[in-house]
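Shown next, in structure tokens, is the structure this report addresses.
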Amino acid sequence: MSGAAVNEYHPGLEGVIASETAIANIEGTDGAGGLEYRGYRIEDLADKVSYEETAFLLLHGDLPNREQLREFDGRLRKARAIPEALVTLLGEIPANIHPMDALRSAVSVLSHFDPDVNAAPTDHEANVRKAERMIAQMATAIAYRRRLSKGLPLVPPREDLDHAANFLYMVSGKVPSKTMRDAFDLSLVLYTEHELNASTFSARVTVSTLSDIYSGIVAAIGTLKGPLHGGANEEAWKVLERVGSPDKAESWIQDALARKERIMGFGHRVYKTGDPRARILKEHCIALAKEIGDDRWERIAEPIEKAVTSQKNLPPNVDWPSARLYHYMDLEIEIYTPIFAMARVAGWAAHIIEQLDHNRLMRPRAIYTGPPHRPVRPIEQRS
Ligand code: CMC
């Protein structure tokens, strides 16, 4: 790359093409816009494929046939147990530490116990095996940490339950209803992958130094945590609580915007006319609210959406409905972002593997804005 490109500065890297990828397309290959995973439209995948099928698609390049799915799913189910040393650590991390911070530590610890720990960072097959283990074990680590920080007894994984149902079971000790399991599974499918979002980008930057896949995932978890990214699903719930009733939505939003506050769960760097994931999840929010017989939050969410759209022209993003969806499942707000991470790990891993398969060190430039060249004075002459 010549020096010419260096002179073009795009704050926040907006619009900058930093990678090639065959994993996701957020413009739609048929020109119709929208999100595709390896050429499959998200609307076609939603409600038709499970999280396990989606993870296989991202890691292995296409949807699995029955036999491939049976083997893949079997490997995930068998890999769910986490090392005792990690269970102990999860119990000893102070209870007030945010679950995303505990998850970041957990993944770092998992790396030490991975059977492929000594494989070269560029070993494609070993990276796929590590990715599969992380998909299985991050879910267990999140659920265990939740229960340990609440002083509750652990609920070990059940091999007869799929990924979504098993996670909800490990958190609550109850096997979820079919509607709940299906909605949770769908939310994982929608969260699995999203091109070069901030956390995926940081994962790719990390491994572009030929660092290992676990380091890439740890970097991604740290990046996802922020409220402008994955942390928005927790913040979106707080917006609903603060507004509190449908009749207050219009004025609450007006006041918040007047104070130049960001309304969490709205807006997107790329989707300016709407996030297709939000449209899909909203329908499931309505169905689940009906099943639990409490549509209060749907009645509050609707006028908030209308107010943000009319006052700021910002449509909701995926984090807006997911906050309600998880609330209906009795999941506590602090694990909303870890759930995003346990889904996105398949996308992160696919990107890390793609980066390492065709690596070039990521090393952009900056425009210098500091003082011009100046002499170094001996310490006694400095003011
Ligand atoms: N509420 C109020 N104003 C907003 C919002 C919002 N949610 N989003 C953008 N704006 C305004 C912003 O204040 C600015 O206004 P002005 O031009 O008057 O100063 C203008 O829109 C452009 O903002 P920007 O930050 O330059 O735009 P961006 O493309 O970088 O924004 C975003 C993308 C996601 C950071 C932003 O929309 C935002 O902060 N949203 C709230 C956080 C959120 O929901 N994040 C989740 C993103 S999607 C899934 C995920 O990654 O988890």
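Couple of notes before you dig in:
- Relative contact order [Cα under 8 Å, 6+ residues apart], the chain, whole percent: 22 percent
- Listed residue pairs exceeding 19 Å between alpha carbons, taken from 272/312; 48/282; 225/312; 178/290: 225/312
- Annotation: peptides 16-26, 224-234, 331-341, ranked by per-residue average of other Cβ atoms within 10 Å with the highest first, follow the order 331-341, 224-234, 16-26.
- q = 0.15, 0.19 Å⁻¹, region 232-328: log10 I(q)/I(0) [Debye, one scatterer per Cα]: -0.52, -0.84
- Couplings 3J(HN,Hα) for region 70-83, derived from phi with the Karplus relation 6.51 cos²θ - 1.76 cosθ + 1.60 (θ = phi - 60°), are 4, 5, 4, 4, x, 5, 4, 4, 6, 8, 5, 5, 10, x Hz, where x marks Gly and Pro.
- Percentage of interatomic Cα-Cα distances in region 114-228 larger than 18 Å: 61 percent
- One quarter of the convex hull surface built on the alpha carbon atoms of region 307-383 amounts to 13.1 nm², the projected area averaged over directions.
- Centroid-to-centroid separation of region 81-120 and region 262-297 [C-alpha atoms, Å]: 32 Å
- Taking a ≥ b ≥ c as the square roots of the eigenvalues of the alpha-carbon gyration tensor, region 70-135 is classed prolate because a/c is 1.5 or more and a/b outweighs b/c.
- For the peptides 205-211, 183-189, 103-109, residues were scored by their other Cβ atoms within 10 Å and the scores averaged per peptide; the highest-first order is 183-189, 103-109, 205-211.
- Based on the Stokes-Einstein relation at 20 °C and a viscosity of 1.002 mPa s, and on the Kirkwood radius from alpha carbon pairs, region 117-156 is assigned a translational diffusion coefficient of 182 µm²/s.
- Kirkwood hydrodynamic radius of the chain, from inverse mean 1/r over distinct Cα pairs, in Å: 22.0 Å
- As an equivalent ellipsoid, region 7-75 spans semi-axes of 30, 15, 9 angstrom, where each value is the square root of five times an eigenvalue of the C-alpha gyration tensor, largest first.
- Here region 232-328 is treated with +1 on each Lys and Arg Cβ and -1 on each Asp and Glu Cβ, and its dipole about the Cα centre works out to around 380 debye.
Every number in this text was worked out from the coordinates using simple rules, so none of it is lab data. Note that the coordinates shown come from a computational prediction; the quantities given were computed from them, not determined experimentally. Methodologically, a virtual Cβ is constructed for each residue, glycine included, from the backbone with ideal geometry; neighbour enumeration extends over all protein chains shown.
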